[in-house]
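First up is the structure itself, then whatever we jot down about it.
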Amino acid sequence: MISPWSKKLPNGTIFYASLELNKTKQSDKQEEQVKEIDNKLEDDFNFDEDDEAVFRQFRERRLAEFQLLQGQAYFGDVRDIAGQDFVQEVNKAGENIWVILHLYKAGIPLCSLINNHLNLLAPKFRKTKFLKSVSNLCIPNFPDDNLPAIFIYQNGSCKKQLIGPNVFGGMNLQVDELEWMLGKAGAVETDIEENPRKHWGAKSNMIMSNVSDSEDEF
């Protein structure tokens, strides 16, 4: 697929910047971003003057950003894998790609909760690869007591392990708290800088205080 772009220059020359896009690898999201780059660069550069240096700068900058987009991987969902998929999906995920693997088992409520949270986070952090796998299908005899378990990888190396219900704080785990945990490990680029759980106690005390004040009025 050719994504052409042309600009009529003041001297009547037509400048073409085109790039071969691989249909099997380019997502709709990438193509939308390419269009955004086109629009932004048209706004950034003023072609009213016949200035070859400006034309050259425009071309180099645009092609560099195209190449950057081509090198980025976008995911956006949580894929279920088995043990035989591990090497391909994790070790060969791609250079500098963060991979989050959740080991779970049906019938464990906290595992289901984390799967739900990951389903919300995956579209938000599309550069990160989110995976899940039934524990004993991925690692034979993996102890149920260690579930849920999240392993975070980059370049084939395990960077962080979150193992067991206590690490996640039980069923009180909120999606923003899990986002903070993953961000602290470097796996997602989050704006959450501290554990949201720290604020829960203060909010709870404030609510109870308001309830108590309301009861005193009766």
Is segment 113-122 home to any residue that is under 16 Å from Asn166 (Cα atoms), surrounded by 18 or more Cβ atoms within 10 Å (Cβ to Cβ), in contact with a Leu (Cβ under 9 Å, 6 or more places away or on another chain) and not hydrophobic (A, V, I, L, M, F, W, C)? no
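To keep it simple, each residue is scored yes or no on (1) surrounded by fewer than 16 Cβ atoms within 10 Å (Cβ to Cβ); (2) at pLDDT below 95.
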| position | (1), (2) |
| --- | --- |
| Gly156 | yes, yes |
| Lys159 | yes, no |
| Gly164 | yes, no |
| Met171 | yes, no |
| Trp180 | no, no |
| Gly186 | yes, no |
| Thr190 | no, no |
| Gly201 | yes, yes |
| Val211 | yes, yes |
Can we say Gly76 is surrounded by 11 or more Cβ atoms within 10 Å (Cβ to Cβ), at pLDDT 70 or above, outside any helix (DSSP H, G or I) and out of contact with any strand residue (DSSP E or B) (no Cβ under 7 Å at 6 or more places or on another chain)? yes
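If the requirement is being modelled with pLDDT of 70 or more, surrounded by 14 or more Cβ atoms within 10 Å (Cβ to Cβ) and not in a loop (DSSP other than H, G, I, E, B), which of these qualifies: Leu69, Leu101, Leu41? Steps first, please.
Working: Leu69 fails: modelled with pLDDT of 70 or more; Leu41 fails: modelled with pLDDT of 70 or more.
Unique residue meeting the criteria: Leu101.
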Looking only at segment 84-93, decide whether some residue is in contact with a Ser or Thr (Cβ under 9 Å, 6 or more places away or on another chain) and within 21 Å of Lys184 (Cα to Cα). no
Among the candidates Val188, Val167, Val134, single out the residue that is touching a residue at least 60 places away in the same chain (Cβ under 8 Å) and touching a strand residue (DSSP E or B) at 6+ places or on another chain (Cβ under 9 Å). Val188
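Going by the structure shown, is Leu162 assigned to a strand (DSSP E or B) and assigned by TED's automatic domain parsing to the domain that holds Ala82? Reasoning before the result, please.
Values: assigned to a strand (DSSP E or B): yes; assigned by TED's automatic domain parsing to the domain that holds Ala82: yes.
So Leu162 passes the test.
The values are calculated or read from the model by the stated rules, or taken from the named source; none is laboratory data. Bear in mind that the values here come from a model prediction, so they are computed numbers and not experimental data. Backbone-built Cβ (ideal geometry, glycine too); neighbour counts: all protein chains shown.
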